[in-house]
Amino acid sequence: MTEQQTPDHDAEGGESGLSFAAFVLSLAHTTAVHLGDVPDPASGQTARPNLAAAYQMIEILGLLEQKTRGNLSAQERQLLEQLLYELRLRFVEVRGAGGSEAGADERAPGGRPDVPPSGSRTPSGIIIP
């Protein structure tokens with residue numbers, strides 16, 4: 001790749017619109033939709049929290065952090081770490097406030113009471129940094 005052809009630029013030197021930060025922010029936005037914090041872009045309405053879907057998105061971001069460790073710039077690493085921290089905290093807040101309605105279990109999938117703390121191993125074997 002030449003200097004003008006980086007992953008964030010096309011062959012003509014223009015922005016391709018795709019970057020690691022944009023991808024991570026997209027996943028975080030989807031998590032916020034599932035937590036009921038922002039309106040669904042398709043309907044424009046804020047839905048009830050879907051804790052199972054939010055938990056899955058947080059797990060995906062955690063997996064992404066684990067698999068990209070050592071390959072990110074300082075800014076990308078900091079962005080991912082900060083988003084994971086904030087989303088995990090928000091998940092616990094929503095769950096504690098009774099975020100799931102309509103008789104759904106207020107725990108994370110599998111009856112887990114919380115997002116696993118940093119340094120622990122999830123049931124799927126993923127170590128939360």
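Computed from the coordinates by the stated procedures, all read-outs in this text should not be read as laboratory data. Predicted model, so just to flag it, every value in this text is computed and none were measured. Glycine also receives a Cβ, built like all others from the backbone with ideal geometry; neighbour counts cover every protein chain displayed.
Descriptive notes on the structure:
- Two numbers describe the Cα atoms of segment 20-111: Rg and Dmax, which are 13.7, 44 Å.
- Spin-label pair Gln56/Arg77, simplified geometry with 7 Å Cα→Cβ offset, distance in nm: 3.1 nm
- The stretch between Ser19 and Ala97, if pulled fully straight at 0.36 nm per residue, gains 24.6 nm over its current Cα-Cα span.
- Here each label is just a point 7 Å from Cα along the line to Cβ, and for Asp37 and Glu86 those points are 0.6 nm apart.
- Where labels lie 7 Å past Cα in the beta-carbon direction, separation of Arg69 and Arg48 in nm: 3.8 nm
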